[in-house]
Amino acid sequence: MIDFAAARETMVDTQLRPSDVTDLRILNAFLQVPREKFVASERAALAYADRDIPATKLVNGQAVRRLMPPMVLAKLLQAAGIGPDDRLLVIGCATGYSAAIVSHLASAVVALEEDAVLAKAANRTLAEVGAANVTLVTGPLTAGWPALGPYDVILVDGAVEILPQPILAQIKDGGRLAAVTVDGPVGKGMIYRATGSNVTGQPVFDAPAPLLPGFARPPEFVF
């Protein structure tokens, strides 16, 4: 039988700390949240591997949705500078793991998911792990959730090629959006900051992450 508590400690010590994740609040959150509960039982043995993990059934050999690698998630959260009084939106929470992590960092978390099966699983598991400050909502990921915004921090739980304007408009003045952007073969962990009506992005680290549906750049028309 796998000792998942020991596996969590190993993940923190061998994946997060060597990747310059030094925020003790973040390290403690990763130590407390049981990632194995947020993946299918047949994949529990892979819960703490340094890789993304399928969150949906395979279609043509590929999962439509995946949980991003723990190291990438941890570095994004550290770069976002989440404060204990912040209101945070997670876009594409999938089975709820990222929402459970940030529930230890922010005062209130809105977790948005559009897949009904994933949303049901997330709601159940978030309640099981005691993430009482997380509100799960369902709707199109590309629309965000303006009803409870604006947000101090928005976390996009996956890679994007584009960021829709409705999402950028939900960042509070002075707030941040953390995402992995893909432009070519290498993804970049990015932090976008809102100043008035302007949003500017800064690359923080190279990062692999699975692309979220709906966030791909439209194909260009070629004569």
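Spatially, region 128-158 and region 12-38 are offset by 21 Å when compared through their Cα centroids. Here the Karplus relation 6.51 cos²θ - 1.76 cosθ + 1.60, evaluated at θ = phi - 60°, turns the backbone of region 5-15 into coupling constants of 4, 5, 5, 5, 4, 5, 4, 5, 6, 10, 10 Hz, with x for every Gly and Pro. Placing dummy labels 7 Å off each Cα toward the beta-carbon, the span from T10 to V117 is 3.0 nm. For region 112-130, backbone nitrogen atoms closer than 20 Å to the point 7 Å from D23 Cα along Cα-to-C-beta are found at 112. Ranking T142, I26, T14 by how far each Cα lies toward the positive end of the dipole of the chain (charges on Cβ) leaves T142 at the top.
More than 21 Å apart: what percent of Cα pairs in region 1-124 qualify? Let's see the in-between values first.
Values: 2813 of 7626 pairs.
The share of Cα pairs beyond 21 Å in region 1-124 comes to 37 percent.
Ordering I171, I191 from the fewest to the most neighbouring beta carbons within 10 Å gives I191, I171.
Taking the Cα centre of the chain as reference, the dipole from Cβ charges on Lys and Arg (+1) and Asp and Glu (-1) amounts to some 180 debye. When the inverse distances between all different Cα atoms of the chain are averaged and flipped, the Kirkwood radius reads 17.4 angstrom.
FYI, it's all coordinate maths here, none of it is from the lab. Just so it is clear, the structure is predicted and the values come from calculations on it, not from any experiment. FYI the Cβ positions are ideal-geometry reconstructions off the backbone, even for glycines, and counts take in every protein chain you see.
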